[in-house]
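One structure is given below, encoded as C-alpha cells.
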Amino acid sequence: MQAEHTINNLIEVSDIVARLRNNLNGVIMEQATTIRKLIAAFCAGGHVLLEDFPGTGKTMLAKAFAKTIHADFKRIQFTPDLLPSDIVGISMFDPEVKRFSFRRGPVFTNILLADEINRASPRTQSALLECMGEQQVTVDDTSYPLADPFFVLATQNPVEFHGTYPLPEALLDRFTMKLSLGYVSAERETDILTAQLHSHPLAAIESCISVNEIKTVQEATKNVYISRELCKYIVDITHQSRIVKDVKLGAGPRASIALMSVSRALALCDGSDFVTPDHIREVAAAVVAHRIALDPHAVFEGASAHDIVNDILRTVPCPA
C-alpha cells in the first residue's frame, strides 16, 4: 500500500525545503525548531499564529518568510479602528458605468501578514474566518476566490496585555498551528546586536523559492503515506482532549485533520515519504493546545493547554 504513495520527486522537494529553511535560519537565530514547524504548516497548506512578548522577532520572522518566497505579499497592521472592509475589500459605486464594482482588499495575496491581530475588534478579526477556512471572500452575494497558495501568518502579544482582544474560538481553530519564539540566550542576543551594527539582516535576504515550487511541495505533502493506525492515534489524541479533566472545550475534527496534514509535511521536511509516531508527537501540542479552552478554575490553579496535551501524549497508547 505504501508504494502507491511513493513521492517520485522527493529529492527535488527536499532541496526546496532545505533552501527555505537555510534562508530563514540565516536571519532568525536560535529558532530552528520554530522555523521547522512553521515550514511544515506552510507545506501542509495551513496558517500560523505567532504569539509572544514584544521584541522577540515575530514580525521579523514573518517578513523574512515572505521575502524568502517569490510571491505576492501583503501586510495588515491590525488596530482597534480597523474595519472588515479594510481587509477583504468593499463594493464601490462607479459613476462612469453606473454600477457597483468590487475593490479587492489586501487579503487577495499569497502571503498575508496579520500583524498584532489581537489589537483589532472581534468583528474585524472574524473577517478572516471565510478567508482562512474556505479560501474565498463573499461580498454582496458574490464569492471571490483567493490566491493559490494562500497563507496567513499572524502575530499577537499575549491577551493579558492592555488594548488587545482575545481571538474567537472559531478563528483560533482556523490556525493550523500556534507557535512562539521566546527569548534567546545572552550570547545569541550579543550576536544579534553585532549582526545589526551596519545593516539589518532582512536587507540581505533574497527570495529562493517560487510559487510553482511551493505548489510542488504542497502537492507532494498530500502523497506522504500515513497508516490507518497512526490516523487512529491522532484521533485518540484529539478525542482525549474533549473528555480530560479541566477542559471546557476540546479540539474538534479540524484539529485531527490539521495534525495529520502537518505530520505529513514534517515527514516530507525530513526527506521521508511516510509518517512516524515521532512526527505526530513533535507537533501535537502546537496543533492542538490553542484549540483547547480550559475551565476558569483550572487556569486560576496554573493549568495550561500545553501541559494537558503533553499529559495526553503520555497516556494515549502510541502505535509501535
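Here are the numbers for the structure shown:
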{"quantity": "The range 207-234 residues that are at positive phi, paired with ones that are part of a loop (DSSP other than H, G, I, E, B) and polar (S, T, N, Q) (beta carbon under 7 Å, 6 or more apart)", "calculated": "none"}
{"quantity": "Residue in the range 287-303 that is in contact with a Lys or Arg (Cβ under 6 Å, 6 or more places away or on another chain), among the acidic types (Asp, Glu) and farther than 22 Å from Leu10 by Cβ present", "calculated": "yes"}
{"quantity": "Test: residue in the range 54-63 that is closer than 22 Å to Ile117 by Cα and of a type in the set (Val, Ile, Thr)", "calculated": "yes"}
{"quantity": "Those residues of the range 131-158 which are farther than 24 Å from Ile209 by Cβ, of a type outside the set (Val, Ile, Thr), surrounded by fewer than 21 Cβ atoms within 10 Å (Cβ to Cβ) and touching a residue at least 12 places away in the same chain (Cβ under 8 Å), in sequence order", "calculated": "Gly133, Asp140, Tyr144, Asn157, Pro158"}
{"quantity": "Meets criteria (without any contact (Cβ under 8 Å) to a residue 60 or more places away in the chain and either touching a Pro at 6+ places or on another chain (Cβ under 8 Å) or not assigned by TED's automatic domain parsing to the domain that holds Val316 (or both)) for Thr238", "calculated": "yes"}
{"quantity": "Candidate set: the range 256-282, residues that are part of a helix (DSSP H, G or I), of a type in the set (A, V, I, L, M, F, W, C) and surrounded by fewer than 24 Cβ atoms within 10 Å (Cβ to Cβ); chosen: the one modelled with the lowest pLDDT", "calculated": "Cys269"}
{"quantity": "Where Glu116 falls short, out of the listed (1) more than 13 Å from Ile87 (Cβ to Cβ); (2) loosely packed, with under 14 Cβ neighbours inside 10 Å", "calculated": "(2)"}
{"quantity": "Lone qualifier among Ile35, Ile90, Ile11 - being surrounded by 18 or more Cβ atoms within 10 Å (Cβ to Cβ) and not polar (S, T, N, Q)", "calculated": "Ile35"}
{"quantity": "Residue, modelled with the highest pLDDT, within the range 24-48, restricted to residues that are farther than 17 Å from Val262 by Cα and part of a loop (DSSP other than H, G, I, E, B)", "calculated": "Gln31"}
{"quantity": "Complete set of residues in the range 13-23 that are within 22 Å of Val224 (Cβ to Cβ) and either at pLDDT below 85 or in contact with a helix residue (DSSP H, G or I) (Cβ under 7 Å, 6 or more places away or on another chain) (or both)", "calculated": "Val13, Ile16, Val17, Leu20, Arg21"}
{"quantity": "Listing of helices (runs of 4 or more DSSP H) fully contained in the range 128-235 that carry 3 or more residues being farther than 30 Å from Pro319 by Cβ and either outside the structural domain of Pro319 (by TED's automatic domain parsing) or at pLDDT below 90 (or both)", "calculated": "128-134, 169-174, 186-195"}
{"quantity": "Conditions (1) touching a residue at least 40 places away in the same chain (Cβ under 8 Å); (2) under 21 Å from Leu38 (Cα atoms); (3) crowded, with 17+ Cβ neighbours inside 10 Å; number of the one not met by Thr164", "calculated": "(2)"}
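The values are calculated or read from the model by the stated rules, or taken from the named source; none is laboratory data. Since the structure is predicted, the reported quantities are computational estimates derived from the model, not experimental observations. Quick reminder, even Gly has a Cβ in these numbers, built from the backbone with ideal geometry, and neighbours come from all protein chains shown.
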